[in-house]
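Here the structure is laid out as structure tokens; the discussion comes afterwards.
The values are calculated or read from the model by the stated rules, or taken from the named source; none is laboratory data. Since the structure is predicted, the reported quantities are computational estimates derived from the model, not experimental observations. Note: ideal-geometry Cβ built from the backbone for every residue, glycine included; neighbour counts use all protein chains shown. These accessible areas exclude ligands, DNA and RNA; they are computed on the full protein's heavy atoms, side chains included. Shrake-Rupley method; radii C 1.70, N 1.55, O 1.52, S 1.80 Å.
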Amino acid sequence: QRQRELRVGAGYSQFRPAGNVGLTYGDRQGALSLSLPVSYYQWRGGWVTDTARTARDVADAPMRTLAVQRGEYHGDGLNLSPRLGWKLSPDSTLNWQVFGQLHRFNSSGHTLTEVLQGQAPLSVDERYNNRGQWRNLRSSLQWLQRWADGTNLDAKLGAQANRSTFRTDVDGNDAADQHSLTRLTTGDNREHGASTSGKLSRPLWDSHSLAVGWDVEQRQRREVRS
């Protein structure tokens, strides 16, 4: 269908404003049809958390702490999902679809820990910052075919790849307000795969039908954390 649509939105979430915009374009030219949705979005938020903990310290003595954490987070993303259809004949259609996404996130926080009993941990005053992103790309090809004897075929091929990375920095002070902790954590996760599926069906005699299908998928994932 011929389509032109624009959507714009705005809101406010705790710390700052956030907006989103979406555009959809659709058209047809002869045997070809095109649909192109694009969207951009933002998100914001924050939290306050109280955590009471009972444990054992390094000397195996009882330890009780109360931690108060305050933080905020924000991020944005982009989605793109074009679709192209090609009518090869009145009984045959080829569809190609792609989905892509880029998403970025950030968060920061401050944790104060009060020692109610036992030995104080390595750090009681911590500040952290976490940031990263993920990227996702998928593509699929579909063939729909119908024959004069009533036989129908729906066959699909697909591929996907995604990757996410992050970095977290933590700095902490001990009970004497001396710098006691510096920690850097990084991560890199990757995944890719391929798939195929389909169904072939045809009528048998007057009141029966035969259907045969397949569904095969292969994926590989690699995660590195330091």
(message) Here's a check for you: in segment 149-195, which residue that is part of a loop (DSSP other than H, G, I, E, B) and free of Cβ contacts under 8 Å to residues at least 12 places away in the same chain is nearest to A120 (Cα to Cα)?
(response) A176
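Condition check ((1) under 24 Å from R138 (Cα atoms); (2) out of contact with any strand residue (DSSP E or B) (no Cβ under 6 Å at 6 or more places or on another chain); (3) among the basic types (K, R)) across all residues:
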residue	(1), (2), (3)
P17	no, yes, no
N20	yes, no, no
L23	yes, no, no
V38	yes, no, no
V48	no, no, no
(request) Any chance you could count how many residues in segment 61-75 are within 10 Å of G118 (Cα to Cα) and open to solvent by 80 Å² or more (accessible area, probe 1.4 Å)? (result) 1
(message) Given the criterion open to solvent by 60 Å² or more (accessible area, probe 1.4 Å), under 30 Å from Y12 (Cβ atoms) and either without any contact (Cβ under 8 Å) to a residue 60 or more places away in the chain or outside any strand (DSSP E or B) (or both), identify the matching residue among L78, L116, L122, L88.
(response) L78
(request) Could you figure out which of (1) open to solvent by 80 Å² or more (accessible area, probe 1.4 Å); (2) more than 25 Å from H192 (Cβ to Cβ); (3) under 16 Å from the mean Cα position of the chain (by Cα) isn't true of R104? (result) (2)
(request) Write out, first by first residue and then by second, each pair whose Cβ atoms fall under 6 Å of each other, whose residues are 6+ apart or on separate chains, and whose first residue, in segment 210-223, is in a strand (DSSP E or B) while the second is surrounded by 10 or more Cβ atoms within 10 Å (Cβ to Cβ) and among the basic types (K, R). (result) L210/R202; G213/K199; R222/R190
(message) Taking the criterion of being open to solvent by 50 Å² or more (accessible area, probe 1.4 Å), among the polar types (S, T, N, Q) and under 30 Å from R131 (Cα atoms), would at least one residue in segment 202-219 satisfy it?
(response) no
(request) Test L6 against the criterion of being in contact with a Ser or Thr (Cβ under 7 Å, 6 or more places away or on another chain) and either without any contact (Cβ under 8 Å) to a residue 12 or more places away in the chain or open to solvent by 80 Å² or more (accessible area, probe 1.4 Å) (or both), and give yes or no. (result) no
(request) Identify the residue in segment 29-60 that is free of Cβ contacts under 8 Å to residues at least 40 places away in the same chain and surrounded by 14 or more Cβ atoms within 10 Å (Cβ to Cβ) and, among all such residues, is farthest from the chain's Cα centre (by Cα). (result) G46
